[in-house]
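**Student:** If you scroll down you'll find the structure; I have some questions about it.
The values are calculated or read from the model by the stated rules, or taken from the named source; none is laboratory data. Note that this is a predicted model, so its numbers are computed, not measured. Please note: Cβ atoms are built from the backbone with ideal geometry, for glycine as well, and neighbour counts cover all protein chains shown. Note: accessible area is taken over every heavy atom of the protein model, side chains too, but ligands, DNA and RNA are not part of it. Shrake-Rupley method; radii C 1.70, N 1.55, O 1.52, S 1.80 Å.
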Amino acid sequence: MWIGTGNNGLLRYRNGGFERVEVPGLPSVSIRALLQDSRGVLWIGADRGLVRLDRGRVASVFTGAYEANVHVLLEYPAGTVWVGANNGLHRFEGGVERVFTTKDGLPDQLDLGLAAGAGGALWVGTHSGG
């Protein structure tokens, strides 16, 4: 079991105990969101960025200042990862990233919630509503 903490980085619970997992390149020890996708890749959303942990290898997806804070992660449908951050809604599909912002119709670029809906709908909760 993976556990993201507010000020102590990434923890893993196994064999009856907790252990801290060092993630080189993690932009902050404040982890806001975790997702293990259908391929077994662990996506780690933190203050100031997003990294992926794939078979022991760490890859930085994006980093930055406050605008890169990640709040929520969702895989929907299988193989497509959605990332709600301060700078918009990121979609990773087939190795390609697309960012949706207010220019695409979002009421706010600060995305705080994601949920899969009926009929393939994606529900997005933003700071100012919508």
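**Student:** Cα gyration tensor of region 41-81, axes a ≥ b ≥ c as square roots of the eigenvalues: rounded (a/c below 1.5), prolate (a/b > b/c) or oblate?
**Tutor:** Working: a/c = 2.68, a/b = 1.28, b/c = 2.10.
Here region 41-81 falls in the oblate category.
**Student:** Whole-Hz Karplus ³J(HN,Hα) for region 117-129, in order, using 6.51 cos²θ - 1.76 cosθ + 1.60 and θ = phi - 60°, x for Gly and Pro?
**Tutor:** Result, rounded to whole Hz: x, 5, x, x, 6, 10, 9, 10, x, 10, 4, 9, x.
**Student:** On to the next question. Which one, D37, D104, D54, has the greatest fluctuation when you compute a Gaussian network model over the chain with C-alpha springs under 10 angstrom?
**Tutor:** Of the options given, D104 has the highest mean-square fluctuation.
**Student:** Could you give each residue of region 47-59 its phi-based ³J(HN,Hα) in whole Hz, using Karplus coefficients 6.51, -1.76, 1.60 with θ = phi - 60°, and x for Gly or Pro?
**Tutor:** Residue by residue, region 47-59 yields 4, 6, x, 9, 10, 10, 10, 10, 6, x, 9, 9, 10 Hz.
**Student:** On to the next question. Set Lys and Arg Cβ to +1 and Asp and Glu Cβ to -1, take the dipole of region 17-130 about its Cα centre, and tell me which of V99, V124, G79 lies farthest positive.
**Tutor:** G79
**Student:** Let me ask something else. Could you derive backbone 3J(HN,Hα) for region 14-23 from the dihedral phi with the Karplus parameters 6.51, -1.76 and 1.60 (θ = phi - 60°), listing whole Hz in sequence and x where the residue is Gly or Pro?
**Tutor:** 7, 6, x, x, 9, 9, 7, 10, 6, 10
**Student:** Dipole size in debye (nearest 20) for region 1-76 around its Cα centre, Lys and Arg Cβ +1, Asp and Glu Cβ -1? Write down the numbers at each step before the final one.
**Tutor:** Numbers: 9 positive and 7 negative charges, 41 e Å.
It works out to roughly 200 debye.
**Student:** In nm, to one decimal, how far is the modelled label at V41 from the one at A116, with both set 7 Å along Cα→Cβ?
**Tutor:** The answer from the label model is 1.7 nm.
**Student:** Can you work out the accessible area per residue across the chain, with the rest of the protein chains kept in place, probe 1.4 Å, in square angstrom? Could you put the intermediate results ahead of the total?
**Tutor:** Details: 6900 Å² over 130 residues.
Result: 53 Å² per residue.
**Student:** Return a whole-number percent for the relative contact order of the chain, with Cα pairs under 8 Å and 6 or more residues apart as the contact set.
**Tutor:** On the way: 320 pairs, mean separation 17.8, N = 130.
Relative contact order comes out at 14 percent.
**Student:** Further question: Would you kindly state how much longer the chain becomes between R12 and D104 on full extension, computed as 0.36 nm times their sequence separation minus their alpha carbon distance, in nm to one decimal?
**Tutor:** Details: separation 92, 0.36 × 92 = 33.12 nm, distance 3.77 nm.
In short, 29.4 nm is gained.
**Student:** Leaving out ligands, DNA and RNA, what percent of the accessible area of region 70-130 is carbon and sulfur, probe 1.4 Å?
**Tutor:** On the way: 1680 of 3020 Å².
Of all accessible area on region 70-130, carbon and sulfur atoms account for 56 percent.
**Student:** Now for a different question. Regarding the chain, what whole-number volume in Å³ per residue does the convex hull of its Cα atoms give?
**Tutor:** On the way: hull volume 15.6 nm³, N = 130.
So the per-residue hull volume is 120 Å³.
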